[in-house]
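What follows is a short report on a single structure.
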Amino acid sequence: MWQRIQTAVALIYPPRCMGCGELTETDFGLCGTCWRETPFIGGTVCESCGVPLPGIADGHRIECDDCMKTTRPWHDGRAALMYQGKARALVLALKHGDRPELARPAARWMTQAGRELFHPDMLVAPVPLHWTRLLKRRYNQSALLAQYLGKEAGLEVCPDLLLRRVQTPVLDGKTAAQRAETLENAISAHPKRVKRMQGRDVLLVDDVMTSGATLAACARVCLASGANHIFVLVLARVAKDA
């Protein structure tokens, strides 16, 4: 009976590509063309932010120029995609285009990209969204990514571990220093959730990393609240020349 229902649903609503809407073989997938045009990150990457780097890993820690210049308050970081082309369109659709269903497959890509970061008893937490923006968008895309990622990786998720107390302006176009100044004291730990992170590794999840200022602000709050090591995992990484 259930198989008949699934068949009927597939006939009425056949699976379509998340990128272009063309028919595909499976739900929540990309067609061949969109897959080739989506800049997945692989090979050698910066161990702090996940941006791809030339060369071959030699067993020593590798970091990009930005991460060598700016000490990150987290241990390691990874990203699934470069924020360009089809990837940028998918991120914007998830963030501003009312496409929350994109979070499920995106979290699978992130799970693959971040598999080296996962540790036993790790706590997953999304970058928080101010309530006014949450009211406007109806969902926090980072929280959706965190929830699906937690299921994929078998990790505990605390969607409200952190709170954004201050409604900060849009950070696009600001320098790294301006972003850091804008975010100062904007994020805090949820007073009823602090104990959940004490002595534990925390994995911070966000949709896009540009300068890393938002993730840095979140990481500092977690460390000040008693967390052990902080790791970051994002859907897409903005390249310096993007």
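The values are calculated or read from the model by the stated rules, or taken from the named source; none is laboratory data. Computed from a prediction, not measured in an experiment: that's the story for all the values here. Ideal geometry is used to build each Cβ from the backbone, glycine not excepted, and the neighbour counts take in all protein chains shown.
Listed residues G50, G59; which is assigned to a loop (DSSP other than H, G, I, E, B) and without any contact (Cβ under 8 Å) to a residue 24 or more places away in the chain?
Numbers: G50 fails: without any contact (Cβ under 8 Å) to a residue 24 or more places away in the chain.
So the residue among G50, G59 that is assigned to a loop (DSSP other than H, G, I, E, B) and without any contact (Cβ under 8 Å) to a residue 24 or more places away in the chain is G59.
Which of the residues that make up segment 130-154 are in a loop (DSSP other than H, G, I, E, B) and surrounded by fewer than 19 Cβ atoms within 10 Å (Cβ to Cβ)? Let's see the steps before the verdict.
Here is the first cut: in segment 130-154, the residues in a loop (DSSP other than H, G, I, E, B) are 130, 138-140, 154.
Within segment 130-154, H130, R138, Y139, G154 meet the criteria.
Looking at (1) surrounded by fewer than 16 Cβ atoms within 10 Å (Cβ to Cβ); (2) under 16 Å from M110 (Cα atoms); (3) of a type in the set (K, R), which is the only condition R78 fails?
Condition (1) is where R78 drops out.
Hey, among T71, T111, which residue is more than 21 Å from A227 (Cα to Cα) and hydroxyl-bearing (S, T, Y)? So that I can check it myself, show each step before the final result.
Numbers: T71 fails: more than 21 Å from A227 (Cα to Cα).
Testing whether each residue is more than 21 Å from A227 (Cα to Cα) and hydroxyl-bearing (S, T, Y) leaves just T111.
Quick check on segment 83-129: of everything there that is of a type in the set (S, T, N, Q) and free of Cβ contacts under 8 Å to residues at least 60 places away in the same chain, which residue is surrounded by the most Cβ atoms within 10 Å (Cβ to Cβ)? Before the answer, list the steps.
Looking only at segment 83-129, we keep the residues that are of a type in the set (S, T, N, Q), and these are 84, 111-112.
This time we only want the ones that are free of Cβ contacts under 8 Å to residues at least 60 places away in the same chain, so: 111-112.
On the way: T111: 20, Q112: 13.
Here the answer is T111.
Here's a check for you: in segment 175-189, which residue that is surrounded by 17 or more Cβ atoms within 10 Å (Cβ to Cβ) and not hydroxyl-bearing (S, T, Y) is modelled with the highest pLDDT?
Per the stated criteria, the residue is A189.
So C64 clears everything in (1) surrounded by 16 or more Cβ atoms within 10 Å (Cβ to Cβ); (2) of a type outside the set (D, E, K, R); (3) at pLDDT 95 or above; (4) out of contact with any helix residue (DSSP H, G or I) (no Cβ under 7 Å at 6 or more places or on another chain) except one condition, right? Which one?
Exception for C64: condition (3).
Would you mind telling me which numbered condition in (1) over 12 Å from the mean Cα position of the chain (by Cα); (2) free of Cβ contacts under 8 Å to residues at least 60 places away in the same chain; (3) under 20 Å from L30 (Cβ atoms) R138 fails?
So R138 meets the others, but not (3).
For segment 122-139, what are the residues that are modelled with pLDDT of 95 or more and of a type outside the set (V, I, T)?
Here is the first cut: in segment 122-139, the ones modelled with pLDDT of 95 or more are 122-128.
Those that are modelled with pLDDT of 95 or more and of a type outside the set (V, I, T): M122, L123, A125, P126, P128.
Of the numbered conditions (1) in a helix (DSSP H, G or I); (2) in contact (Cβ under 8 Å) with a residue 60 or more places away in the chain; (3) over 23 Å from Q167 (Cα atoms), F231 satisfies every one except a single condition; which is it?
All conditions are met except number (1).
I'd like the full set of residues that are among the β-branched types (V, I, T) and in a helix (DSSP H, G or I), limited to segment 91-128.
Step one: filter segment 91-128 for residues among the β-branched types (V, I, T), giving 91, 111, 124, 127.
Of everything in segment 91-128, those that are among the β-branched types (V, I, T) and in a helix (DSSP H, G or I) turn out to be V91, T111.
Out of the residues in segment 173-219 that are free of Cβ contacts under 8 Å to residues at least 12 places away in the same chain and not in a loop (DSSP other than H, G, I, E, B), which is nearest to T70 (Cα to Cα)?
So, considering only residues that are free of Cβ contacts under 8 Å to residues at least 12 places away in the same chain and not in a loop (DSSP other than H, G, I, E, B), the one nearest to T70 (Cα to Cα) is A177.
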